[in-house]
C-alpha cells in the first residue's frame, strides 16, 4: 500500500495511529478562551500549551455545508461544488437542498482512504451532512461507519455501517435543538476509537448552543467543559487530534435584542420591479429555529437587462453591507463555483444580516437575541493540534480544510 494518498491534488500520509479531525460547529475562538479562563477546559489548555495553537480561515460563505465539505475534500467550494446549504436553479425556479451526493464534484478524503484499505469513522450531529460525508464509502466489509446523532436509532449496517447506533451507545436520540446532539457525537467518537479502531475519524457537531449563547455564558461554558472531558479520553489513546470549526459566530442584533437585518429582496423589488430579481440565502436549511434563516451572506439573480454596477453601488451605500461583488469577482476572491451562485453576492458586517423580504422571515422562534454567521467576520476559527508542529502557518495561509491533512501529518510527525 502507498504511504501517501493523493486526494484532489494534495498528498495525505497514511497515519500509523488514528488521525482525528473535530469540527466544533460555530466555535468562535472566544468560546474556548472563555471556558479555559473559567478553568473548565484543562485538557484543551494543556494541548494548547504543549501542542500547536493556531487560528485558521474558513471558506466563504462561512456556513456549515460548504465548510464541512471543504474539510471532507481538502479543497474550496470551487472544487467540490457545495457553496451553501441549498442552491437556486434559475432554469426551473426551484430552490434545492444541496445535501445529495449528486451535487458533490470531488472525492472525499474518507472515500480515498477507504478505497486504500483504511478504516473510516464519521459521526455528524445533523443528518443533512451524512450522505455527503459518506459519498464513496461502502458498508459491506466492516471498514466504514457513518451516521448522525439526529437519526442514530435508524441506522443499519448496510447504509451506515452499524445497526441502531443509539442502542449501541446506550443513549437515546437527543432533541435536534440541544447540546446533547453534539455530546452524542463526542461519546460515539470515544467508543468508536476504542472498539472500531478507525485509521481516520471525523466528528462534526451542531451550532445550536453557539446561536443561543455568547462566549462565557454558563450554558456555553458547560458545553465546552463537557467536550473537554471527551477530548481527554480521545487524547489519552495516543491519537493525533486536530480541532477546528466550520465558522465562527457573532451577535447580529440591536441593543434592544431585535435582529439587525437588511432586507435585500425588498430593496431589489423597489429598484427593479416586484419579483424581477431573486435573492437566495444559502444559510437556509431545515433547521432555522435558532437563526430564522438570517446570516451574513446572500446571492442575487438579476434580470438580464439590469445595470449590475448600479445595483452594486446602491447596495454598497447601505449601512451594514460590507462587500458586494459580481459573479466573476466573487468566484475569484472566494473560490466559488460560478454555476451555483447568482449574478452578485452580498456580505454584511459583523453585526448585520441579509434578509429576503421582511414578511418572509418567521422570527417568532428567536427567543434570544440573534447570533449568526456567513460573512467575513465569522471566517476566523480555531485550529489546535495535540502535537507540536512548529512549522504550521497561521491564518490566512492556514485553512480549516487543512485539518485532515494536518491530522495525518501529525500522526506521522512529518511537519
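The values are calculated or read from the model by the stated rules, or taken from the named source; none is laboratory data. Note that the coordinates shown come from a computational prediction; the quantities given were computed from them, not determined experimentally. So basically every Cβ, Gly included, is an ideal-geometry build from the backbone, and we count neighbours across all protein chains shown.
Output the residue which, of all residues in segment 148-173 that are within 19 Å of residue 193 (Cα to Cα) and more than 26 Å from the chain's Cα centre (by Cα), is surrounded by the fewest Cβ atoms within 10 Å (Cβ to Cβ). Restricting to residues being within 19 Å of residue 193 (Cα to Cα) and more than 26 Å from the chain's Cα centre (by Cα), the top hit is 170. The residues of segment 117-128 that are closer than 24 Å to residue 81 by Cβ and out of contact with any strand residue (DSSP E or B) (no Cβ under 7 Å at 6 or more places or on another chain) amount to a single one, 128. Note on segment 315-337: among residues that are surrounded by 15 or more Cβ atoms within 10 Å (Cβ to Cβ) and farther than 19 Å from residue 87 by Cβ, the one that is farthest from the chain's Cα centre (by Cα) is 315. All conditions but one from (1) modelled with pLDDT of 95 or more; (2) touching a helix residue (DSSP H, G or I) at 6+ places or on another chain (Cβ under 8 Å) apply to residue 119; the one that does not is (2). Annotation: residue 217 fulfils all but one of (1) under 21 Å from residue 382 (Cβ atoms); (2) surrounded by fewer than 18 Cβ atoms within 10 Å (Cβ to Cβ); (3) at pLDDT below 95; the unmet one is (3).
Within segment 392-408, the set of residues being out of contact with any strand residue (DSSP E or B) (no Cβ under 6 Å at 6 or more places or on another chain), more than 12 Å from residue 74 (Cα to Cα) and touching a residue at least 40 places away in the same chain (Cβ under 8 Å) comprises 393 only. Evaluate the following for residue 225: is it more than 23 Å from the chain's Cα centre (by Cα), in the same structural domain as residue 39 (by TED's automatic domain parsing) and part of a helix (DSSP H, G or I)? No; evaluated as a whole, the condition is false for this residue. Counting the residues of segment 102-116 that are touching a strand residue (DSSP E or B) at 6+ places or on another chain (Cβ under 6 Å) and either under 16 Å from residue 86 (Cβ atoms) or assigned to a strand (DSSP E or B) (or both) gives 0.
Here the condition is being within 24 Å of the chain's Cα centre (by Cα), assigned by TED's automatic domain parsing to the domain that holds residue 238 and more than 30 Å from residue 14 (Cβ to Cβ); of 380, 340, it holds for 380 alone.
What are the residues in segment 140-161 that are in contact with a helix residue (DSSP H, G or I) (Cβ under 6 Å, 6 or more places away or on another chain) and assigned to a loop (DSSP other than H, G, I, E, B), if any? If the condition is that a residue be in contact with a helix residue (DSSP H, G or I) (Cβ under 6 Å, 6 or more places away or on another chain) and assigned to a loop (DSSP other than H, G, I, E, B), then 149, 150, 151, 155 are the ones that fit.
For the condition assigned to a helix (DSSP H, G or I) and crowded, with 18+ Cβ neighbours inside 10 Å, residue 99 does not qualify. Is it true that some residue in segment 203-215 is assigned by TED's automatic domain parsing to the domain that holds residue 115, part of a loop (DSSP other than H, G, I, E, B) and closer than 20 Å to residue 42 by Cβ? For segment 203-215, residues assigned by TED's automatic domain parsing to the domain that holds residue 115, part of a loop (DSSP other than H, G, I, E, B) and closer than 20 Å to residue 42 by Cβ: present.
Kindly establish whether residue 385 is under 30 Å from residue 212 (Cβ atoms), under 22 Å from the mean Cα position of the chain (by Cα) and surrounded by 13 or more Cβ atoms within 10 Å (Cβ to Cβ). In short, yes.
Could you tell me whether any residue of segment 129-139 is assigned to a helix (DSSP H, G or I) and farther than 19 Å from residue 205 by Cα? Within segment 129-139, not a single residue is assigned to a helix (DSSP H, G or I) and farther than 19 Å from residue 205 by Cα.
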